[in-house]
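The values are calculated or read from the model by the stated rules, or taken from the named source; none is laboratory data. Everything quoted here is computed from the prediction, not taken from an experiment. Cβ placement follows ideal geometry from the backbone for every residue including glycine, while neighbour counts extend to all protein chains displayed.
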Amino acid sequence: MTLALALILFAYLIGSVSAAIIVCRLSGLPDPRTEGSGNPGATNVLRIGGKRAAALTLGGDFLKGVLPVMVAQWAGVDGVWLALIALAAFLGHLYPLFFRFQGGKGVATALGVMLALSWKLALTAVLTWLIVARLSGISSLSAMVAALLAPLYAWQLGLEPPLLLMLSLLSLLLLWRHRSNIRKIVTGEESKIGDRK
């Protein structure tokens, strides 16, 4: 239990490292929390800083989901404890200790968690995102659809109940963080992929 609790703390602290804010500071770009959509994530960094900065942000946020879960698996942690470690990494991204609890919406970090749990799960989520993005051109909508379907994919792949519950909670949190995007989608004001505003 002591090891699992330490890994939960480790996961939250790793999740609290905001790739978007760090990349923007090192690149001499505006704080993503005060520019564009105000979200410290890869899509907003793409708008204000271009593809290179966005790719670095995406990679950093993705690794925050992968590393804690893989370390826990290497240490032999599974079941409820593994689910809590994955959730802690995601919550760290949403509410980062190091950046006044102003985090991103969790898409890349959630995908990192999925990959660490099952490459098939991650692949189906990415394919879902790509299909919806192709049809709609809206990143947020693509992410929300992929998140909503992820627990179903995980169930079909036979993941354990604690992991299914954790993924369901991740999906709900991701939808909650996208509530402003939902309003904009309904009113037709949501930005398309690659737009600069």
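Beta carbons closer than 7 Å, at least 6 apart along the sequence or on distinct chains, pair a first residue in the stretch 52-66 that is among the acidic types (D, E) with a second that is surrounded by 20 or more Cβ atoms within 10 Å (Cβ to Cβ) and assigned to a helix (DSSP H, G or I) for D61/A19; D61/A42; D61/H93; D61/A108; D61/T109. For the stretch 160-193, the candidate set comprises residues that are in contact with a helix residue (DSSP H, G or I) (Cβ under 7 Å, 6 or more places away or on another chain) and not in a helix (DSSP H, G or I); within that set, the residue that is nearest to F90 (Cα to Cα) is H178.
The single condition among (1) in a loop (DSSP other than H, G, I, E, B); (2) buried (at least 23 other Cβ atoms within 10 Å of the Cβ); (3) modelled with pLDDT under 85; (4) of a type outside the set (F, W, Y) that T43 does not satisfy is (1). For the stretch 96-127, filtered to residues that are over 21 Å from Q73 (Cα atoms) and without any contact (Cβ under 8 Å) to a residue 24 or more places away in the chain, the residue that is surrounded by the most Cβ atoms within 10 Å (Cβ to Cβ) is V126.
Among the residues of the stretch 7-20, is there at least one that is of a type outside the set (F, W, Y), exposed (fewer than 15 other Cβ atoms within 10 Å of the Cβ) and under 16 Å from P96 (Cα atoms)? Yes.
Taken over the stretch 5-27, residues that are within 30 Å of V77 (Cα to Cα) and not in a helix (DSSP H, G or I) amount to 3. Only a single criterion out of (1) in contact with a Cys (Cβ under 8 Å, 6 or more places away or on another chain); (2) closer than 21 Å to L148 by Cα is not satisfied by L91, namely (1). The residue that is farthest from the chain's Cα centre (by Cα), counting only those in the stretch 128-147 that are touching a residue at least 12 places away in the same chain (Cβ under 8 Å) and farther than 17 Å from S180 by Cα, is G137. The requirement of being in contact with a Cys (Cβ under 9 Å, 6 or more places away or on another chain) and crowded, with 22+ Cβ neighbours inside 10 Å is fulfilled nowhere in the stretch 77-84; no residue meets it. In summary, P30 fulfils each of the numbered conditions (1) of a type outside the set (D, E); (2) part of a helix (DSSP H, G or I); (3) over 12 Å from the mean Cα position of the chain (by Cα); (4) surrounded by fewer than 24 Cβ atoms within 10 Å (Cβ to Cβ) with the single exception of condition (2).
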